[in-house]
1. Does segment 58-73 hold any residues that are in contact (Cβ under 8 Å) with a residue 40 or more places away in the chain and either surrounded by fewer than 18 Cβ atoms within 10 Å (Cβ to Cβ) or more than 24 Å from residue 20 (Cβ to Cβ) (or both), and which are they?
2. When the residues of segment 31-56 are filtered to those that are touching a strand residue (DSSP E or B) at 6+ places or on another chain (Cβ under 7 Å) and surrounded by fewer than 17 Cβ atoms within 10 Å (Cβ to Cβ), which remaining residue is nearest to residue 85 (Cα to Cα)?
3. Within segment 179-201, how many residues turn out to be outside any loop (DSSP other than H, G, I, E, B) and within 24 Å of residue 139 (Cβ to Cβ)?
4. Answer yes if at least one residue in segment 168-178 is under 16 Å from residue 142 (Cβ atoms), in contact with a helix residue (DSSP H, G or I) (Cβ under 6 Å, 6 or more places away or on another chain) and in a helix (DSSP H, G or I), and no otherwise.
């Protein structure tokens, strides 16, 4: 029984002694830093000699620096802390500035894409409107030709593009060609008429 108690006591002393070694202290400090949200542990180097912990590296804020020192001092076995930490506020500011810049660039790009989409939609609508209008003009001109006894509506081809009507085909006289031109010009939406009509049989 006495031997068992001695063994347990020796194991406990050994565990405590290991925790108090420089390596054990370094491990404990690093573990605490890693678990802390204020300190970016991956930027802090921890070195321990004879119970004296040296902290070095860059932190983003004064608060992070103070927290790292506080954690190190509060670790078991630490006799003193040497502070060699540098506060790199420029990096933190640059990081914030970069995020703001990216956000602004993203918003600007979205606005530009929106404008382009609206422009494309407008162009598509214009083209669709032009197509419908041209088709309507062509139908209206052909209807007038067929309803007019002085014009051979079946012999005249009507093409419309952008409101400009082109008449192709063969008519029996110059008078018939002139009448076709007049009917086409007086149709709603017509901007102009190109006369490609030929007089013949």
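1. Restricting attention to segment 58-73, the residues satisfying the condition of being in contact (Cβ under 8 Å) with a residue 40 or more places away in the chain are 71-72.
Within segment 58-73, none qualify.
2. Going through the qualifying residues, I end up with 56.
3. Within segment 179-201, the subset outside any loop (DSSP other than H, G, I, E, B) is 179-185, 192-199.
Filter once more, keeping what is within 24 Å of residue 139 (Cβ to Cβ): 179-185, 192-198.
Residues in segment 179-201 being outside any loop (DSSP other than H, G, I, E, B) and within 24 Å of residue 139 (Cβ to Cβ): 14 in total.
4. Scanning segment 168-178, I find no residue that is under 16 Å from residue 142 (Cβ atoms), in contact with a helix residue (DSSP H, G or I) (Cβ under 6 Å, 6 or more places away or on another chain) and in a helix (DSSP H, G or I), so the answer is no.
None of the figures in this text is laboratory data; all of them are computed from the coordinates on show. Small disclaimer: the values here were computed from a predicted structure and weren't measured. FYI the Cβ positions are ideal-geometry reconstructions off the backbone, even for glycines, and counts take in every protein chain you see.
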